[in-house]
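The values are calculated or read from the model by the stated rules, or taken from the named source; none is laboratory data. Since this is a predicted model, take the numbers as computed values, not measurements. Using ideal geometry, Cβ is built from the backbone for each residue, glycine included, and neighbour counts are taken over all protein chains shown. Remember, those area values only see protein heavy atoms, side chains included, never the ligands or the DNA or RNA. Shrake-Rupley method; radii C 1.70, N 1.55, O 1.52, S 1.80 Å.
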Amino acid sequence: MPLEQRSDVDQAALLGRVVAGDRRAAEALTDMIAPRILRFAARMLGDLTEAEDVAQEAMLRLWRMAPDWQDGAAQPSTWVFRVATNLCTDRLRRRKPMVNELPDLPDTAQSQHAQMMQAARAKALENALAHLPERQRQAVILRHLEGLTNPEIAAIMMLGVEAVESLTARGKRNLSAILAGERDALGYDDDQ
């Protein structure tokens, strides 16, 4: 299991070591958190350059507040996701509605047809996500694309677990409705 998804890693302890000047702890914590924040921000914003800015700013804020971190609080990654959520929301409010696509990275092990189908599915998902209301999009991305638990998402979004479950369920229903007309074009059979 990748280090960034291991639940036995004590992020707060790593943050304490960062405050004490341990560069390896800083690297480990960055490796655990930053890629997930970047993926989240890219999906929220639809722009990799903006997502990189958000991820960098969120991590910088973590380093700045590290000396004041209180043991027993949420995991640092939960705190950083909350910061990234706020930064994404601010950026989305400042821009006009638009849909940008993320660059596709081809998988050379797949056939050309499979690569094209995967790219079409990814683009359709990104476009559909962009049409969801912001809170539903956040919940769906955090739960189903980033793999966070409902209690973690509740802490990030500052909601109850039941509200997260409701947002996620509504978001999934809306995604299904948005993508319903594209099932055949995206190579999905009725039995899938």
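Please indicate, with yes or no, whether at least one residue in segment 57-68 is open to solvent by 50 Å² or more (accessible area, probe 1.4 Å), part of a helix (DSSP H, G or I), at pLDDT 85 or above and under 26 Å from I178 (Cβ atoms). Quick ask: steps written out before the conclusion?
Our first condition is that a residue be open to solvent by 50 Å² or more (accessible area, probe 1.4 Å); within segment 57-68, this holds for 57, 60-61, 63-64, 67-68.
When the remaining residues are screened for being part of a helix (DSSP H, G or I), the result is 57, 60-61, 63-64, 67-68.
Narrowing the set further to residues that are at pLDDT 85 or above leaves 57, 60-61, 63-64, 67-68.
Filter once more, keeping what is under 26 Å from I178 (Cβ atoms): none.
No, every residue in segment 57-68 fails to be open to solvent by 50 Å² or more (accessible area, probe 1.4 Å), part of a helix (DSSP H, G or I), at pLDDT 85 or above and under 26 Å from I178 (Cβ atoms).
Check off (1) surrounded by fewer than 16 Cβ atoms within 10 Å (Cβ to Cβ); (2) of a type in the set (G, A, S); (3) not in a loop (DSSP other than H, G, I, E, B) for G72 and give me the number that stays unchecked.
The number of the failed condition is (3).
Determine which member of the set G181, G147, G187 is under 17 Å from Q75 (Cα atoms), modelled with pLDDT under 90 and of a type outside the set (V, I, T). Lay out the reasoning, then the answer.
Details: G181 fails: under 17 Å from Q75 (Cα atoms); G187 fails: under 17 Å from Q75 (Cα atoms).
Unique residue meeting the criteria: G147.
Just checking, how many residues over segment 133-181 are surrounded by fewer than 16 Cβ atoms within 10 Å (Cβ to Cβ) and in a helix (DSSP H, G or I)? Write out each step before concluding.
As a first pass, look at segment 133-181 and keep what is surrounded by fewer than 16 Cβ atoms within 10 Å (Cβ to Cβ): 133-134, 144-145, 147, 149, 151, 158, 160-162, 166, 169, 173, 176-177, 180-181.
With in a helix (DSSP H, G or I) added as a condition, the list becomes 134, 144-145, 151, 161-162, 166, 169, 173, 176-177, 180-181.
Total meeting the criteria: 13.
I want to confirm something. Restricting to segment 75-98 and keeping residues that are of a type outside the set (A, V, I, L, M, F, W, C) and open to solvent by 80 Å² or more (accessible area, probe 1.4 Å), which single residue is modelled with the lowest pLDDT?
Of the residues in segment 75-98, the ones of a type outside the set (A, V, I, L, M, F, W, C) are 75-78, 82, 85-86, 89-91, 93-97.
From what is left, the residues that are open to solvent by 80 Å² or more (accessible area, probe 1.4 Å) are 93-94, 96-97.
On the way: R93: 87, R94: 86, K96: 63, P97: 53.
If we take residues in segment 75-98 being of a type outside the set (A, V, I, L, M, F, W, C) and open to solvent by 80 Å² or more (accessible area, probe 1.4 Å), then P97 is modelled with the lowest pLDDT.
Against the conditions (1) open to solvent by less than 60 Å² (accessible area, probe 1.4 Å); (2) of a type outside the set (V, I, T); (3) at pLDDT below 75; (4) not in a helix (DSSP H, G or I), where does E101 fall short? Just the number, please.
Status for E101: all satisfied but (1).
Regarding segment 107-130, can at least one residue be identified that is farther than 19 Å from A74 by Cβ, at pLDDT 90 or above and part of a helix (DSSP H, G or I)?
Among the residues of segment 107-130, not one is farther than 19 Å from A74 by Cβ, at pLDDT 90 or above and part of a helix (DSSP H, G or I), which makes the answer no.
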